[in-house]
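The values are calculated or read from the model by the stated rules, or taken from the named source; none is laboratory data. From a predicted model like this one, the values you see are computed outputs, not experimental measurements. Here the Cβ is made from the backbone with ideal geometry for all residues, glycine too, and neighbour counts use every protein chain on show. Protein only, heavy atoms only, side chains kept; ligands, DNA and RNA dropped before computing areas. Shrake-Rupley method; radii C 1.70, N 1.55, O 1.52, S 1.80 Å.
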Amino acid sequence: MIRSVAVVGASLAGLAAARALRDQGFDGRVTLVGDEPHRPYDRPPLSKDFLLGRASAEELALGTEADDALDLDWRLGSPATALLPHERRVRLADGGEVSADSVVLATGARARNLPGFAGRGGVHTLRTLEDARALREELRPGARVVVVGAGFIGSEVASTAKAAGAEVTVVEALPVPLAGPLGPTMGTACAALHADHGVRLICGVPVRELLGQPRVTAVRLADGQELPATAVVVGVGAEPNVGWLAGSGVTVDDGVRTDAAYATNLPGVVAVGDCAASYRASTGRYVRTEHWTDALEAPRTAVRTLLGGGAGPAAGDDGRRRAAVPYFWSEQYGVRIQFAGHRGAEDEVRVEAGDPADRSFLAVYEREGRATAVLGVNRPKEFTRWRRALATTGSDSGPASGSGSGEQAAAVL
Amino acid sequence: MEQSETLTRSDVVVQVCHLNELPPGESIRVEGPGGVEPLAVFNADGEIHAIDDTCTHQDASLADGWLEGCTVECPLHAACFDLRTGMPSGPPAKRPVRTHQVEIADGVIRVRVAVAAVTA
Ligand SMILES: Cc1cc2nc3c(=O)[nH]c(=O)nc-3n(C[C@H](O)[C@H](O)[C@H](O)COP(=O)(O)OP(=O)(O)OC[C@H]3O[C@@H](n4cnc5c(N)ncnc54)[C@H](O)[C@@H]3O)c2cc1C
């Protein structure tokens with residue numbers, strides 16, 4: 001019998017886990033351990049409205065009044081430094097300890113930096129509220145901002161910096177931006193937004209070094225080109241916060257390894273959100289999803305795994321069916337980019353509606369004549385239809401309906 | 001106080017479409033006349049519901065959303081609202097959307113929207 005649960009990581013996935021515990025009838029002690037001093041807040045606006053000064057810190061709060069009734073034990077401001085599974089304890093940096101029969105790992109990820117970049121004035125990464133506040137100070141008319149990395153966060157920062165009046169250059173080491181998530185054709189189509197809005201995009205040239213001390217003055221590229229800069233934003237991905245788990249016995253390989261129901265190799269320990277690399281039957285791989293919707297929805301299944309010991313969604317839990325199709329969105333230059341599904345590297349892509357040239361289109365990815373994923377650019381209604389269709393295909397057919405595993409359901413797409 | 005509140009409110013009736021133009025599972029966005037926020041009208045398995053179209057979380061049209069039973073999910077960030085009460089069922093939305101009274105006569109859907117008058 002579980003009498004206490006420690007949730008480590010007090011952000012989107014951690015709060016969702018705490019809510020799910022109460023929702024599913026757990027009435028024991030729930031302790032939320034978070035290294036940030038803040039109550040859970042929403043990160044997507046950090047590169048969008050908050051960075052532009054259009055949303056306040058209060059508006060980012062994820063908690064609501066209803067959460068007061070959850071009766072949570074908050075331990076904020078000190079990171080967990082060790083998981084001691086046999087003693088059923090979590091050790092904190094401030095010397096404190098939390099004893100718990102079960103543990104939810106929800107420590108998320110941190111922004112990756114480039115070697116030698118940290119510590120110089122004017123160089124930023126973006127993950128936390130403090131990061132966003134510091135960067136916001138730099139974005140003003142006359143500023144020259146160089147964004148390293150044309151992924152989603154880098155592209156969003158470029159768009160926001162431009163809107164704030166800065167002159168912006170984006171540098172991407174790969175020949176085609178966003179080719180990883182979207183494939184080369186659609187990556188190119190989306191990256192065209194930069195030029196549309198007067199942002200220069202340089203692809204296929206890595207950054208060699210930063211110039212200027214103590215503050216950055218320019219970025220030098222591998223081809224010798226120098227880009228003057230009053231601020232540099234490094235958007236080269238995120239790394240899972242798993243270092244503190246060393247010696248715990250939990251399996252880590254680019255994130256905490258879990259099965260499709262978020263169980264780790266240790267009994268009574270589950271992992272969710274950006275810190276977890278979870279098994280996807282559809283691809284047969286462990287994937288660290290790093291999407292907001294996944295961090296929100298996975299905890300429901302993970303908590304069921306903890307409390308019931310069983311895997312998979314309960315009958316009639318429609319929320320699980322939707323989670324079978326990973327989904328993310330991005331907003332750049334006022335354009336909405338939405339993506340759902342499991343794209344394979346070999347999938348073909350065709351434009352189903354609209355025209356990439358108009359920056360308003362819907363593209364469908366296919367494998368052997370079946371849709372695997374969908375991309376919408378400023379097409380929310382049609383996108384939603386396709387996203388629904390992908391999820392429905394997944395839940396209605398294939399061997400998964402009996403076992404109830406959302407992940408298996410996704411495999412038949 | 002109570003009286004003056006009723007006095008400062010007036011109703012605007014917005015014509016939406018014919019009932020047969022909105023089959024079950026469908027939704028439509030309607031631009032209201034001046035002073036009226038855009039509306040989203042849904043046919044949830046035969047029941048017609050009307051709410052404010054703009055998600056209370058961030059600027060997105062709920063008529064573009066995912067309708068399931070009596071719940072609509074925002075097309076952008078998956079905030080869910082109960083069409084009958086306007087209440088959000090979880091993050092990221094924290095505030096309800098306004099719900100509006102639906103009137104059906106002669107096969108035509110109309111929505112009655114309470115508008116606060118400018119004069120207080
Ligand atoms: C700028 C930005 C923009 C984004 N935009 C989008 C978007 O448009 N669409 C989208 O789908 N996704 C977006 N994301 C991704 C999304 O925000 C993440 O997927 C989501 O925040 C993951 O939630 P999480 O709770 O798993 O992890 P996190 O939000 O990273 O939270 C983990 C928490 O655990 C804490 N922690 C870490 N280590 C410890 C420890 N040892 N002890 C205690 N606490 C610890 C961290 O400090 C943090 O508070 C964006 C992310 C960023 C940074």
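Remarks
- Kirkwood Rh in Å, taken over all unlike Cα pairs in segment A:1-115: 15.1
- Within the straight-line cut-off of under 23 Å between alpha carbons, the lysines reachable from residue A:162 are A:48, sequence neighbours fewer than 8 places apart in one chain being disregarded.
- Accessible area (Å², 1.4 Å probe, nearest 10) - residue B:11: 90
- Taking the DSSP beta bridges with both ends in segment A:113-236, the antiparallel portion is around 30 percent.
- Residue ranking by accessible heavy-atom surface, 1.4 Å probe, largest first, among A:31, A:251 comes out as A:251, A:31.
- Length-normalised contact order of segment A:136-251 in % [C-alpha pairs under 8 Å, at least 6 apart]: 28
- Between amide H atoms placed 1.01 Å from N, distances below 5 Å from residue A:360 occur with A:355, all of them 5 or more places distant or on a separate chain.
- Along segment A:281-294 the Karplus relation, 6.51 cos²θ - 1.76 cosθ + 1.60 evaluated at θ = phi - 60°, assigns HN-Hα couplings of 4, 4, 10, x, 10, 8, 10, 8, 5, 6, 10, 3, 4, 5 Hz to successive residues, with x for each Gly and Pro.
- Kirkwood-Stokes translational diffusion coefficient of segment A:61-122, alpha-carbon pairs, 20 °C, 1.002 mPa s, µm²/s: 143
- Gyration tensor (Cα) of segment A:41-194, equivalent ellipsoid semi-axes in angstrom: 35, 20, 17
- Placing +1 on the Cβ of every Lys and Arg and -1 on the Cβ of every Asp and Glu, with no other charges, gives chain B a dipole of roughly 300 debye about its Cα centre.
- Per-residue SASA entry for residue B:28, accessible area with 1.4 Å probe, Å² rounded to 10: 50
- Segment A:97-119 versus segment A:20-61: alpha-carbon centroid distance in Å: 16
- Panel values: the protein assembly as shown, Kirkwood radius from alpha carbon pairs, Stokes-Einstein at 37 °C and 0.692 mPa s, translational diffusion coefficient 133 µm²/s.
- Under 5 Å between amide hydrogens, built in the peptide plane, is the criterion, and for residue B:115 it picks out B:10, B:11, B:12 among residues at least 5 positions away or on other chains.
- Farthest positive-ward along the protein assembly as shown dipole, Cα basis, beta-carbon charges - from A:236, A:161, B:76: A:236
- Heavy-atom accessible area, 1.4 Å probe, ligands and nucleic acids excluded: residues of segment B:70-100 down by at least 50 Å² from chain alone: B:73, B:75, B:76, B:77, B:91, B:94
- Ligands, DNA and RNA left out, the accessible area of the protein assembly as shown computed with a 1.4 Å probe is 49% carbon and sulfur.
- Ranking of A:286, A:41, A:333 by solvent-accessible surface, largest first: A:286, A:333, A:41 (1.4 Å probe, protein heavy atoms only, all chains present).
- Against the rule of thumb 2.2 N^0.38 Å, how large the Cα Rg of segment B:6-119 comes out: 1.02
- Antiparallel content of DSSP bridges confined to chain A, in %, to 5: 60
- Surface accessible to a 1.4 Å probe, per residue, for the residues of the protein assembly as shown, Å²: 43
- Given +1 at the Cβ of Lys and Arg, -1 at the Cβ of Asp and Glu and no other charges, the dipole of chain A around its Cα centre is 220 debye to the nearest 20.
- Under Karplus coefficients 6.51, -1.76 and 1.60, residue-wise ³J(HN,Hα) of segment A:156-172 in Hz, glycine/proline x: 5, 4, 4, 5, 5, 4, 5, 4, 7, x, 7, 8, 10, 10, 10, 10, 10
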